[in-house]
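The values are calculated or read from the model by the stated rules, or taken from the named source; none is laboratory data. The model shown is predicted, which means the values in this text are computed figures rather than measured ones. Cβ coordinates were reconstructed from backbone atoms using ideal geometry, including for glycine residues, and neighbour counts include every protein chain displayed. With ligands, DNA and RNA removed, areas are computed over all heavy atoms of the protein, side chains included. Shrake-Rupley method; radii C 1.70, N 1.55, O 1.52, S 1.80 Å.
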Amino acid sequence: MATGADVRDILELGGPEGDAASGTISKKDIINPDKKKSKKSSETLTFKRPEGMHREVYALLYSDKKDAPPLLPSDTGQGYRTVKAKLGSKKVRPWKWMPFTNPARKDGAMFFHWRRAAEEGKDYPFARFNKTVQVPVYSEQEYQLYLHDDAWTKAETDHLFDLSRRFDLRFVVIHDRYDHQQFKKRSVEDLKERYYHICAKLANVRAVPGTDLKIPVFDAGHERRRKEQLERLYNRTPEQVAEEEYLLQELRKIEARKKEREKRSQDLQKLITAADTTAEQRRTERKAPKKKLPQKKEAEKPAVPETAGIKFPDFKSAGVTLRSQRMKLPSSVGQKKIKALEQMLLELGVELSPTPTEELVHMFNELRSDLVLLYELKQACANCEYELQMLRHRHEALARAGVLGGPATPASGPTSTPAEPTVLEPGLGPDPSKDTIIDVVGAPLTPNSRKRRESASSSSSVKKAKKP
């Protein structure tokens with residue numbers, strides 16, 4: 001027969017309190033068995049830190065019995081009481097109304113201020129900021145031997161040095177206080193030049209042999225020119241300012257056009273060099289013996305420069321690759337060149353995707369590279385012809401206007417290149433030994449005219465690609 005302890009064990013009831021302590025089951029234990037269980041489980045509920053979570057992160061979490069972590073840092077050590085002032089036990093230092101004198105003043109004026117009694121008798125603390133300029137002093141003998149100048153008298157020199165000591169070498173103030181009635185009228189540059197000349201002369205005379213001297217040098221002529229230029233700049237009229245800004249803008253345009261022309265000439269030179277390099281390589285390959293294996297021939301073949309048409313990627317990585325991938329055009333070739341290349345291949349009667357044998361892949365890539373190089377050369381040639389024609393029209397217009405001072409000399413042939421640009425002065429005749437060409441550095445091209453010119457050159461290159 002089951003006892004009360006067995007029933008409590010089955011119903012998970014326990015505890016020495018109430019009727020359970022005596023071993024009997026009460027009515028509450030049978031009707032509400034889950035109430036005590038939930039209460040007990042809630043009291044003994046503990047949280048375990050998950051694996052992989054740091055202790056600092058777990059400390060930020062909270063359970064039902066813990067408050068949420070604060071959003072802002074706070075100091076709760078002081079509590080809600082007002083902090084009292086912590087007064088020291090030392091005595092207050094006494095202050096005293098005492099007189100003082102300023103060493104910077106030579107009139108012996110007496111002033112008063114509050115000061116600590118312990119500092120009585122000390123120097124004025126702000127006297128250390130009184131910095132004076134050390135003006136040299138010369139004797140009568142030194143003046144007669146080294147400092148004599150016909151344009152300056154000794155009395156005038158003494159007056160200059162006296163004012164320099166009084167006003168600490170502030171030459172604008174010295175010039176204002178200078179006695180122009182008694183002495184000759186001097187400018188600020190004259191006063192500076194005389195003062196620094198005497199300082200340099202005395203430093204040389206009094207220097208110890210073997211020491212490095214820091215002699216002050218003043219260029220009065222440069223200072224006068226600088227002030228003159230500044231005055232001219234300040235006195236400019238609004239028309240002159242606008243004209244100068246216009247000239248600066250034109251200068252920037254000319255420099256930009258010059259840089260663009262130099263860049264085009266460099267690109268053209270690269271294309272010509274690439275064409276010559278490619279032709280030389282082809283000539284060398286034809287003369288070389290053909291007894292080598294295809295792999296060796298491909299490995300020992302000199303690399304074509306990047307500017308020579310198309311640079312196809314090399315597939316040297318390990319693994320299986322398709323030979324047709326070698327015929328794929330690189331991403332550096334634009335869509336415009338791809339369309340022109342396809343048109344030229346169709347006009348030549350060449351398939352766009354031939355059978356990718358070893359020899360066909362090599363020859364097909366070389367053919368497309370040469371076609372792209374031909375396309376670029378024709379574009380550069382069309383650009384040069386356009387610029388030459390524009391310069392010729394500009395030259396003829398200037399000659400008709402009488403700017404060149406003589407009849408225009410037309411260029412001979414559409415492919416003639418302009419001579420060195422020379423600028424002739426108005427009213428002078430042309431030099432018979434040279435062609436009369438004015439340097440216009442190339443007129444600026446609008447975006448529409450550039451696009452029309454490029455489209456025309458591309459269409460002409462496509463049409464003339466197949467020669468009889």
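Gyration tensor over the Cα atoms of the range 311-398: the corresponding equivalent ellipsoid has semi-axes (square roots of 5 times the eigenvalues, largest first) of 38, 14, 9 Å. When each of the peptides 217-230, 191-204 is scored by how many other beta carbons lie within 10 Å of its residues on average, the order from highest to lowest is 191-204, 217-230. Note on residue 346/residue 253: beta-carbon distance plugged into 1/(1 + (r/R0)^6) with R0 of 45 Å gives a FRET efficiency of 0.55. Taking all protein chains into account, the per residue accessible area for the range 195-260 stands at 84 Å² (1.4 Å probe). Max-minus-min Cα coordinates of the range 116-170 on each principal axis give 60, 23, 13 Å, with the largest extent listed first. Couplings 3J(HN,Hα) of the range 334-342, computed from phi: x, 5, 5, 5, 5, 5, 5, 5, 5 Hz, in residue order, whole Hz [Karplus 6.51 cos²θ - 1.76 cosθ + 1.60, θ = phi - 60°; x for Gly and Pro].
Pairs with C-alpha atoms separated by more than 21 Å, drawn from the list 270/337; 131/227; 131/154; 131/201; 96/122; 263/378, are 131/227; 131/154; 131/201.
Taken over the alpha carbons of the range 161-216 as equal point scatterers, the Debye sum produces base-10 log I(q)/I(0) values at 0.23 Å⁻¹ of -0.90.
The calculated Kirkwood hydrodynamic radius for the range 136-289 is 22.2 Å, given to one decimal from all distinct C-alpha pairs.
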